[in-house]
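**Q** Here it is: the structure, laid out below.
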Amino acid sequence: MLRTALRNVFAHKARLVMTALAITLGVAFVSGTLVFGDTVTRALRDASAKNLKDVAVSVQAASQRSSDSEADDARSTALTSDLADRVRAVPGVTSVRPTVNGSATLAAKDGRPLNADNYGQNLATNYSPDTPHSDRDSRFPVSAGRGPTTGEELALDRRTAEKAGYAIGDSVRFATNGPALTKKLVGTVDTDDPRVRAGGSLALFDTRTAQQLFLQEGRFDELAVGSAPGTDNQELTGRIRELLPANGITVTSGAQLAREQAERIAENTKELTRMLLGFAGISLFVGAFIIANTFTMLIAQRSRETALLRAIGALRRQVVRAILIEAALLGLGATAAGFALGTGIATALRPLLDASGLSLPDGPLVISTDTLLRALVVGVGITVLAAWLPSRKAAKVAPVEALNTVDQTPPKRSMVLRNSLGGLLTGAGVLTMLYVSTQKDGADTNLKAAGLGSVLTLTGVIVIAPLLSRPLIRLAGAVTTRLFGVSGKLARENALRNPRRTAATASALMIGLTLITGLSVTGSSTNAALKDAAVRGLTADYKVSNTGFAGLDPALGAKVAEVPGVAESVPVASSNLGARGKFAALTGADPQRLGRVSDLRFSSGSLADIGPGKIALSDQLAKDTGLSKGDTFQGTLGHGHKKELTVVGVYQQTRAVGGAVGTMGDVLPYANGGKLDSILVKAVSGRNTSGLDQDIRKALGNSPLLQVQNQDQLTKAQSGMIDTMLNMMYGLLGMTVVIGVLGVINTLAMSVFERTREIGLLRAIGLDNRGVKQMVRLESVVISLFGAAMGIGTGIFLAWACGSLTRSSLSQYEIVLPWARLGLFLLLGLAIGGLAAVWPARRAARLNTLRAINAQ
Amino acid sequence: MSMQAAAPVPALPSTGPAAARATGLSKVYGQGETRIVALDSVSLEFGRGRFTAIMGPSGSGKSTLMHCMAGLDSVSAGSAQIGDTELSSLNDRQLTRLRRDSVGFVFQAFNLLPTLTALENITLPMAIAGRRPDRQWLDTVVATVGLSGRLSHRPAQLSGGQQQRVAVARALASRPEIIFADEPTGNLDSRAGSEILGFLRDSVRELGQTVVMVTHDPAAAAYADRVVFLADGRLTDELHAPTAEGVLERMRRFDTGARTS
């Protein structure tokens, strides 16, 4: 039987190529993900190991506040120079490198901020020479110039300096938390730090300057301890631990630290790999559909051959086995190709990432046997599994069918069972989703219900698709008949001829489009809600803020007011407010002036009633706490300061203001670091506001951490992330759609093959080449549109049902259908239909009329 | 008769102008060693309003002759004309249009579209051409082949004989210049076969249709007004107003003649 299987693989190679391609793409996705994941893990692990190579013991200090005052947010640690000297005196210790860590965001030479949105990646630390007498810090090999030695100097990593356009000797502008500072660039260094590689920057200061900027003079974040060769580092760790105060200081051996970091890295990349594998899984699921469909078609076509085998004595089991062997061979070939392709993709990703500024630490490509095995199991396993059901059908072919000379249409098998099962599944899914749509928060049980409901609905629609195909394809066919006459009508009839096949083909497309539509609808709805939240209730033209957490100096409000063209400059502070066990943000501002940059709708009281000790609550907070106008309560401000507060008004909640409003005097002392949250700016009315943002920036010292955003930019800042995420998802799900297209091509090729005689007849009685092509093309379009319509419909439904779950965290969430995008998806269905038909249609049109008529 | 069999027979005059004409028609397949001459300079006219049968043993070239005359296959040398149109001068598009508008086909294996009803199959050539069928004519044709009650059936719901009647009706419905029937009774039992042949003959006698039929069955040939005999790609003989016995007799003579030559 092996020989029969082998022959069959080769006999139908053209058609099997499409099937194999579906597997190949899925396996490529899986193996590419695994190889890339391993490569990233290895590169990051190597980089971290290199950093820790000379660290025998690491002493890390926790951050603490330097004083108890809210207004002073200076950071400190328990690690003093004194303690560092004590560690240095421990026998076996050869070196101690004390470090200070912080963040510094640079302005490029032309003034624009560098990577200000991700300032956590903009590292800063002290350049700490290996020994007091050397000027080399072996962590950061100098590539040009030298390390910083005075408070007026700094060094940057080479890539950052290039990106910012700075050369040695230039004055570099940067900010660590607030105002812009300037220091002279004296050198550039190389670094392998993944955060810097991934688009961040690195600034190095001499130790004293770093302490002044980020800590307190004489304090450190960390000591990296080197030991003499042959020292028992474990024992050394213990000795150092005994020496230091236990409170706020952790002592870890270098080996332990390396292990922990490696684990953390593996955990992080595993997360990413798992997500990618999820998408790969969807692609493979669609691929399995296509394989099952192809084998069903092949087996139907071969039924006479099978019957002959049975007639001459092949057992059912042997028939099944032959088909499974055929599937395994196909899966094996496709997996090999997919693995090679996946490895290629993983290799190509590195230069691609480099080009996009998200580069990885250097390292070799890692192809583990584990990856190879998994690819094999997935590729071959899925192919064989998908061929199993059709193979059972083949075995049921009666030997007597071999004797039938005239080809007959196979008896229509009853669809009652399938339709009822599909109806049940769809019903259960829809009911579950309707239940989900009544839930108001993203609790774990709700998420699980949503997941279950989505899977049930999707499966149900797939099972019931043949039933749906009739009315939907008739509808599409009515259009094609009207537009294209007889070829449109024939296309419709052909698409209706085998509802199972049509449905399976359309379902493969549907899965991808359901997910894409669901994500698009959710994305656009979230975007709309976020945009609304970002600017609703805000009438200011500009919002000035700090991209970091440090806030703005209260004195800056007056500076902004002096800028020509500014009509109103309203400093706003923010603090925590605890009221009857609920927590909300309390906004502090001059109540009168706040009214000029925001639009608050009071249901009782007004802004004018707000004064010292008198605050207004949002309707949401009033409802949650049960407080109303006239109530007095014991509030908690900042870090646990009690204060008696009276409610003087209730307004409709907006994100611009938050849960409560009080005076600046009541709020600022409890605000983070005693700093402003933002300054809201209203321009002089009638004046062209263009350029005002730059004027404001300049007036405030143009710190790279400074943000001056108009309403448009505020909105975009919210939606940008979602758009990026959506685009990424489109890319990942695109693979699923591509595989679906392969399925359409496959089905059409099979249709053309099966209908050779009919095509011959049509040609004989006067349908020209163009008509034949059009017939095939329209069949393809009708099937694809059917898949697209099912996908878009299901996607919208699922997104609608899940929408309510976000309502607790995003109160403005309402379903917003991205019509343009949905229209685009429908057009995509149309285009897929046209594209998939190119090859089969050409084949159909090239058939020799005479031979086609007389074909078996 | 062997002498006559070897020499090409000149075209005999027929009543009225010819509906189709072959002049020195040759068809060669392959090259060199594998070269096969399927038709060797055949000249022949198919009279308008006549029922002509082409007979001959397997491999005699009778099907090839029909395919060439119907514009389904290209010609190696000589000319094939339908009406005044020279087929070799037409490109694929023009040939397709000619088949659609001027030629009707009946094939051995019925060749109906399984997805269309009987009526839709009958009117298919007109649907392809984008023409409305002539209602009255359609009724006449349908009545002639006796399909009135079965027009909404699909081919799978019809017997072999009924399917072939649909095929005949399809060929007649667009009133072509000429109908080519390729072994139309080959897949039918004798009763259904004689029905089909009767319809073809009636269409000639009563509706004035021109029919050319390829067959190897003397009984089928007997329905024709004229039988032409083909052997080894050459025209060898012909018979007017044939009877089954007469055709059988000619075939037998021809067989022995071929064997002795």
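The values are calculated or read from the model by the stated rules, or taken from the named source; none is laboratory data. Bear in mind that the values here come from a model prediction, so they are computed numbers and not experimental data. Glycine also receives a Cβ, built like all others from the backbone with ideal geometry; neighbour counts cover every protein chain displayed.
**Q** From (1) touching a residue at least 24 places away in the same chain (Cβ under 8 Å); (2) among the aliphatic types (A, V, I, L, M); (3) farther than 30 Å from A:F633 by Cα, pick out the condition that doesn't hold for A:A573.
**A** (3)
**Q** Inside the range A:832-856, can you point out the residues that are within 14 Å of another protein chain (Cβ to nearest Cβ) and part of a helix (DSSP H, G or I)?
**A** Answer for the range A:832-856, where residues must be within 14 Å of another protein chain (Cβ to nearest Cβ) and part of a helix (DSSP H, G or I): A:A845, A:R846, A:T849, A:L850, A:R851, A:A852, A:I853.
**Q** A follow-up question, please. Hand me the list of strands (runs of 3 or more DSSP E) wholly inside the range A:608-663 holding 1 or more residues that are of a type in the set (D, E, K, R), in contact with a Gly (Cβ under 9 Å, 6 or more places away or on another chain) and under 19 Å from A:G674 (Cα atoms). Outline the logic, then answer.
**A** Numbers: elements: A:614-618, A:632-637, A:641-651, A:660-662.
Where strands (runs of 3 or more DSSP E) fall fully within the range A:608-663 and carry at least 1 residues being of a type in the set (D, E, K, R), in contact with a Gly (Cβ under 9 Å, 6 or more places away or on another chain) and under 19 Å from A:G674 (Cα atoms), they are A:641-651.
**Q** For the range A:40-58, check the following and say yes or no: at least one residue is at pLDDT 85 or above and part of a loop (DSSP other than H, G, I, E, B).
**A** Yes: one or more hits.
**Q** Within the range A:433-447, identify whether any single residue is assigned to a helix (DSSP H, G or I), within 30 Å of A:D768 (Cα to Cα) and without any contact (Cβ under 8 Å) to a residue 40 or more places away in the chain, and answer yes or no.
**A** No, that holds for no residue.
**Q** What's the total number of residues in the range B:105-116 that are more than 8 Å from chain A (Cβ to nearest Cβ) and over 26 Å from A:P499 (Cα atoms)?
**A** Selection size over the range B:105-116: 2.
**Q** Which one of A:D137, A:D117, A:D82 is outside any loop (DSSP other than H, G, I, E, B), acidic (D, E) and over 22 Å from A:S359 (Cα atoms)?
**A** So the residue among A:D137, A:D117, A:D82 that is outside any loop (DSSP other than H, G, I, E, B), acidic (D, E) and over 22 Å from A:S359 (Cα atoms) is A:D82.
**Q** Which of the residues that make up the range B:118-140 are part of a helix (DSSP H, G or I), touching a residue at least 40 places away in the same chain (Cβ under 8 Å) and closer than 20 Å to B:L207 by Cα?
**A** B:I122, B:P125, B:M126, B:T140
**Q** Continuing with this model, one more query. Condition first: within 13 Å of A:G32 (Cα to Cα) and loosely packed, with under 14 Cβ neighbours inside 10 Å. Now tell me which residues in the range A:352-369 satisfy that.
**A** Correct list: A:S368 only.
**Q** Quick one: is A:G803 in contact (Cβ under 8 Å) with a residue 12 or more places away in the chain, assigned to a helix (DSSP H, G or I) and surrounded by 24 or more Cβ atoms within 10 Å (Cβ to Cβ)?
**A** Considered against the rule, which asks whether it is in contact (Cβ under 8 Å) with a residue 12 or more places away in the chain, assigned to a helix (DSSP H, G or I) and surrounded by 24 or more Cβ atoms within 10 Å (Cβ to Cβ), A:G803 comes out as no.
**Q** Scan the range A:723-736 and give yes if some residue there is closer than 27 Å to A:A300 by Cα, in contact with a strand residue (DSSP E or B) (Cβ under 9 Å, 6 or more places away or on another chain) and modelled with pLDDT under 90, otherwise no.
**A** No: the range A:723-736 contains no residue that is closer than 27 Å to A:A300 by Cα, in contact with a strand residue (DSSP E or B) (Cβ under 9 Å, 6 or more places away or on another chain) and modelled with pLDDT under 90.
**Q** If you don't mind, there's one more thing I want to ask. State whether one or more residues within the range A:327-345 are among the hydrophobic types (A, V, I, L, M, F, W, C) and at pLDDT below 85.
**A** So far as the range A:327-345 goes, no, none of its residues is among the hydrophobic types (A, V, I, L, M, F, W, C) and at pLDDT below 85.
**Q** I'd like to know if the range B:80-102 contains one or more residues that are part of a helix (DSSP H, G or I), more than 11 Å from chain A (Cβ to nearest Cβ) and within 15 Å of B:A181 (Cβ to Cβ).
**A** Taking the range B:80-102 first, the residues part of a helix (DSSP H, G or I) are B:87-89, B:92-102.
Imposing the further condition that a residue be more than 11 Å from chain A (Cβ to nearest Cβ) reduces the set to B:87-89.
So of that shortlist, the ones also within 15 Å of B:A181 (Cβ to Cβ) come out as none.
No.
**Q** Go through (1) touching a residue at least 24 places away in the same chain (Cβ under 8 Å); (2) surrounded by fewer than 20 Cβ atoms within 10 Å (Cβ to Cβ); (3) within 11 Å of another protein chain (Cβ to nearest Cβ) for B:R150 and report which single condition fails.
**A** (3)
**Q** Between A:V142, A:V189, A:V196, which is in contact (Cβ under 8 Å) with a residue 40 or more places away in the chain, over 25 Å from A:R697 (Cα atoms) and out of contact with any helix residue (DSSP H, G or I) (no Cβ under 8 Å at 6 or more places or on another chain)? Working first, answer last.
**A** Details: A:V189 fails: out of contact with any helix residue (DSSP H, G or I) (no Cβ under 8 Å at 6 or more places or on another chain); A:V196 fails: out of contact with any helix residue (DSSP H, G or I) (no Cβ under 8 Å at 6 or more places or on another chain).
It is A:V142.
**Q** Would you check which residues across the range A:86-124 are over 29 Å from A:A717 (Cβ atoms) and β-branched (V, I, T) and list them?
**A** A:V87, A:V90, A:V93, A:T94, A:V96, A:T99, A:V100
**Q** Here is a further query. For residues that are under 16 Å from A:T176 (Cβ atoms) and in contact with a helix residue (DSSP H, G or I) (Cβ under 7 Å, 6 or more places away or on another chain), scanning just the range A:102-123, find the one that is surrounded by the most Cβ atoms within 10 Å (Cβ to Cβ).
**A** Here the residue is A:T105.
**Q** If we keep just the residues of the range A:464-516 that are among the charged types (D, E, K, R) and within 11 Å of chain B (Cβ to nearest Cβ), which is surrounded by the fewest Cβ atoms within 10 Å (Cβ to Cβ)?
**A** Going residue by residue through the range A:464-516, those that are among the charged types (D, E, K, R) are A:470, A:474, A:482, A:489, A:492-493, A:497, A:500-501.
With the extra rule that they be within 11 Å of chain B (Cβ to nearest Cβ), the set shrinks to A:489, A:492-493, A:497.
Working: A:K489: 22, A:R492: 24, A:E493: 19, A:R497: 16.
Top of the filtered list is A:R497.
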